[in-house]
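Okay, so here's the structure we're looking at.
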Amino acid sequence: MEREEVLFGVLGPVTAENQGGPIALKGPRHRAVLARLIVARRRVVPVARLVADLWADSPPPGAVGAVQTFVAALRRALEPDRPPRAPARLLVTEGPGYALRAAPDGVDAWRFETAVGEAAELPPARALPRLDEALELWRGPAYADFAHEEWVRGERARLAELRLRSVERRADAQLALGLAAEAVPDLDAHLADHPWREDAWRLLALALYRTDRQGDALAVLRRARSTLVEQLGVDPGPGLRRLEADILAQDPALGATAGQAGRAGQAGPTETAARLWTRAAEAYDRTVAAGARARLETTVGLLRDLAVTGGGGLTAAREHRMAAVAAAEEFGDPVLTGRVIGAFDVPAIWTRGDDPELARQIVAAAERTLAALPPPEVSGASGASGRVSRTYDADGTYDAVRCRLLATVAVETRGSHSSRGPQAASQAEAIARRLDDPALLAFALNGAFMQSFTRAGLAPRRAEIGAELVALGARHGLVTYEVLGRLISLQAYGALGDFRSADAHATAADRLAARHELPLVGVFTRWYGALRLAASGDLAEAGAAYESAAADLPDAGMPGLTHGLLPLALLSLHLADGPRVPAQGAVDPAADWGPYRPWITPLAALAAGDRPAARTALRTLPDPPRDLLYEACCCLEATAALELGDRAVLTRVHERLLPASAELAGAGSGLLTFGPVGRYLTAITAALRE
């Protein structure tokens, strides 16, 4: 029986409702237990902790029994259709206590946080409606029934602060969109309740100035000064002081709106950075000739930096990358061309390319440039030993360029069955280690990772690469490569079923991403969260988590990741118990299966009862791509072959999967899993013995 969705509300009084309407939660202790479990965010709360929180002063002798009674009553209210003695699926008993397994979007506070987090990564025009949706969820102070309880104090304060920041972010988006007049009344009301919010004073003054109310803007800043001095005993910060000076000077930059270089009046280092950028760009245009080689290298450096700023930046960088390479080739200097090609060392974690044609062009340009560089041993004089000296490259220039070109070839030939990628990866790594250059080695290791899928069962090798990248990145300040190492480690330990280690790397990756503004990292860690639910057996929650994570994909700028991923992830839930043909609805041929369609086609035909078509599709399957889902595709092939009794295919798949017998199929992607490879091998072995 499918579980009826229950929605919980804590942004105001604590509530619960289902499709039938509000759920009666009886007395305050029942609501307190529910609220305490929601605060725990799906983690287990020991009974002893519940007793201590509910009766902070002196728990009565029967406190444990009372908690059990409250939980039983809540279970009856939340799952009224649960058969007698059937295990609860929402409010569960686990270990020493209880946990509320609410859906990721089942609590209004969680939906609020998700919306606010997504808005932070969106342009103003898309962020504004998302923030509106988030703020509309609030019905009053968070956990209003329990304002004086110690156990909820920290969570109430955190949510309240996030709401205040969201109101200010909303006003910021309005200003960026030229909606200054609309921002004024909301900011006025906001400051009436929270007069210590300096950023709100700044936004209100700026909004007034942009609606031609210069006098009112200055009056607001004077009011901010007196309020801060009288209530907090502090003077306004540098942001407010600078804005006042700019208004008095009628600085033209204060009229900036969306699309211009900086946000006028932004306090502190953000404003300084924006102005520095503008002035430096102007100086660069004045002093560096339009056709100078330096411009090309600067441009590709900007494209590299742009690629890690988010989906839009990644797409834009990809669009301009080949143009930069073509411009470099026009100079006829292979060293310059090699630097331009190799400077795009954007860490790559997904093993299916986003633009195969662009990748082919980049590889072709890299190979042309490698051929044009002086061979390693053709210059210099021969000694008595007959070996040629390397004086032509005394400073390592050619070797460094060669290393970057080889690493580029290795990265851009990801998923290929060609031997060129592994060869280039090995050569790049050898050169980087000889030159003892950390940045070169990090790039070369990225290439080695992309070529570590020549067969199944190589998760331990990828764990080694991840560990070295983490160490390199941390030791030498290569932040993006440290993040790459964390994500590779997450994948590798996921494949090995060591989720404790994988969790630690996911947490570290998220922390680095937040500190260094790397929004695309969250795409992978959110999908990993869904995989964790699936691997733990919480399939209903995993399905909801996959649907939620998939909402990020259209804006991620990674079509190589996006196409076919959600249907494949949802299908994996149907195979959680082993290789069996899923129901027809789980393998809908009309769904966007992307590059995975060949491995889905036999299963879809079997689900529809067309065994001849399934057999034909199975026999014409291509070799699985050498990528993160190699084992997953093999397991899909095995599932169809087991149903059809195709011994030839089963023998082939058994041979392919055997090196990964101790791994979880597909979990090396960090996104989904089809369960233990050993389970498929056991089924294949049994079928071949019949």
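Considering only protein heavy atoms and a 1.4 Å probe, what is the carbon-and-sulfur percentage of the accessible area of the stretch 1-116? Walk me through the numbers before you get to the answer.
Values: 3030 of 5600 Å².
Here it works out to 54 percent.
Quick one: order 138, 201, 196 from most to least accessible surface, probe 1.4 Å. Write out the running numbers ahead of the final one.
Details: 138 40, 201 5, 196 120 Å².
Per-residue accessible area, sorted high to low, gives 196, 138, 201.
So what's the back-of-envelope 222 nm ellipticity for the chain, counting only DSSP H runs of four-plus at -39500 (n - 2.57) apiece and dividing by all residues, rounded to 500? Don't skip to the answer; put the middle values down first.
Numbers: 30 runs with 422 residues, N = 690.
So the helix-based figure for the chain works out to -19500 deg cm²/dmol.
Across the stretch 345-356, in residue order, what do the Karplus-derived ³J(HN,Hα) couplings come to in whole Hz, using 6.51 cos²θ - 1.76 cosθ + 1.60 with θ = phi - 60° and x for Gly and Pro?
Running phi through 6.51 cos²θ - 1.76 cosθ + 1.60 with θ = phi - 60° gives 8, 6, x, 10, 10, 9, 8, 10, x, 7, 9, x Hz.
Quick check: the distance between the Cα centres of the stretch 501-543 and the stretch 601-617, to the nearest angstrom?
For the stretch 501-543 versus the stretch 601-617, the Cα centre distance is 35 Å.
State the dimensionless ratio Rg/Rh of the stretch 140-236 (Rg: radius of gyration of Cα atoms; Rh: Kirkwood radius). Provide the component values of the computation, followed by the final result.
Working: Rg = 15.3 Å, Rh = 14.5 Å.
Here Rg/Rh amounts to 1.05.
Ignoring ligands, DNA and RNA, what accessible area per residue does the chain give at 1.4 Å, in Å²? Each step should come with its number before you reach the end.
Values: 30630 Å² over 690 residues.
For the chain, the per-residue accessible area is 44 Å².
With θ set to phi - 60° and the Karplus curve 6.51 cos²θ - 1.76 cosθ + 1.60, what are the ³J(HN,Hα) couplings of the stretch 23-32 in order, to the nearest whole Hz, using x for Gly and Pro?
9, 6, 9, 6, x, x, 5, 4, 5, 5
With a sphere of radius 13 Å drawn around the Cβ of residue 555, what net charge do the other residues whose Cβ falls strictly inside it have (Lys, Arg +1; Asp, Glu -1)?
Values: positive: 126, 130, 526; negative: 118, 121, 552.
The answer is 0.
For residue 97, which sequence-distant residues (separation of 5 or more, or a different chain) have an amide H within less than 5 Å of its own amide H, given hydrogens modelled in the peptide plane?
HN-HN under 5 Å from residue 97: 47.
For the stretch 75-101 and the stretch 147-208, what is the separation of their Cα centres, given in Å?
If we compute the Cα centre of each part, the gap is 39 Å.
Residue 665's amide H: which non-local residues (gap 5+, or another chain) put their own amide H closer than 5 Å, with H modeled 1.01 Å from N in plane and none for Pro or chain starts?
Close amide H contacts, sequence-distant or interchain: 674, 675, 677.
Which whole-Hz ³J(HN,Hα) couplings does the stretch 602-613 yield from phi under the Karplus relation 6.51 cos²θ - 1.76 cosθ + 1.60, θ = phi - 60°, glycine and proline marked x?
Along the stretch 602-613, the couplings run x, 5, 5, 5, 5, 4, 8, x, 9, 5, x, 5 Hz.
Rounded to whole Å, give me the distance from the Cα center of the stretch 296-336 to that of the stretch 477-497.
Using only Cα atoms to place each centre, the spacing works out to 26 Å.
May I ask you to derive the FRET efficiency for residue 620 and residue 326 from their Cβ-Cβ distance with R0 = 41 Å, giving the value to the nearest 0.05? Don't jump to the answer; show the numbers that get you there.
Numbers: r = 39 Å, r/R0 = 0.95.
The computed FRET efficiency comes out at 0.60.
Apply 1/(1 + (r/R0)^6) to the Cβ-Cβ distance of residue 511 and residue 41, taking R0 = 22 Å, and write down the FRET efficiency to the nearest 0.05. Please report the intermediate quantities before stating the final value.
Details: r = 17 Å, r/R0 = 0.79.
According to the calculation, E is roughly 0.80.
Local charge sum around residue 505 (other residues, Cβ-Cβ under 15 Å, Lys/Arg +1, Asp/Glu -1)? The partial results should precede the final answer.
Working: positive: 462, 486, 500, 511, 526, 532; negative: 464, 468, 482, 498, 503, 510.
Net charge around residue 505: 0.
Ranked by accessible surface with a 1.4 Å probe, highest first, in what order do 420, 368, 197 come? Let's see the in-between values first.
Details: 420 55, 368 120, 197 30 Å².
These residues rank, largest area first, as 368, 420, 197.
Leaving out ligands, DNA and RNA but keeping every protein chain, what accessible area does residue 538 have, in Å² rounded to the nearest 10, with a 1.4 Å probe?
Number for this one is 40 Å².
Leaving out ligands, DNA and RNA, what percent of the accessible area of the stretch 487-623 is carbon and sulfur, probe 1.4 Å? It would help to have the intermediate numbers written out before the result.
Numbers: 2960 of 5530 Å².
With neighbouring chains kept in place, the figure for the stretch 487-623 is 54 percent.
Just checking my list [x] 3, 16, 27, 28, 18, 7, 1, 0; [y] 3, 15, 22, 22, 16, 12, 7, 3, 1, 0; [z] 3, 12, 19, 21, 20, 15, 7, 3, 1, 0 against P(r) over Cα pairs in 10 Å bins from 0, in percent computed from this structure; which label fits?
[z]
Return the loop-located GluC sites (Glu not before Pro) in the stretch 136-197 (DSSP other than H, G, I, E, B) with at most 16 other Cβ atoms within 10 Å of their own Cβ; answer none if there are none. Let's see the in-between values first.
Numbers: sites: 136, 149, 150, 155, 161, 168, 182; in loops: 136, 149.
Listed in order of number, the matching sites are 136.
Would you tally the net charge around residue 676, using a Cβ to Cβ cut-off of less than 14 Å, leaving residue 676 out, and scoring K and R as +1, D and E as -1? Please list the in-between numbers first.
Values: positive: 679; negative: 498, 577, 631, 663.
That sum, taken over residues with Cβ under 14 Å, equals -3.
Based on the mean of other beta carbon atoms within 10 Å per residue, what is the order of 623-632, 645-654, most packed first?
Working: 623-632: 23.5, 645-654: 17.3.
The peptides rank, most packed first, as 623-632, 645-654.
The values are calculated or read from the model by the stated rules, or taken from the named source; none is laboratory data. Predicted model only: the values in this text are computed from it and were never measured. Here the Cβ is made from the backbone with ideal geometry for all residues, glycine too, and neighbour counts use every protein chain on show. Accessible surface is based on the protein model in full, side chains and every heavy atom, while ligands, DNA and RNA are left aside. Shrake-Rupley method; radii C 1.70, N 1.55, O 1.52, S 1.80 Å.
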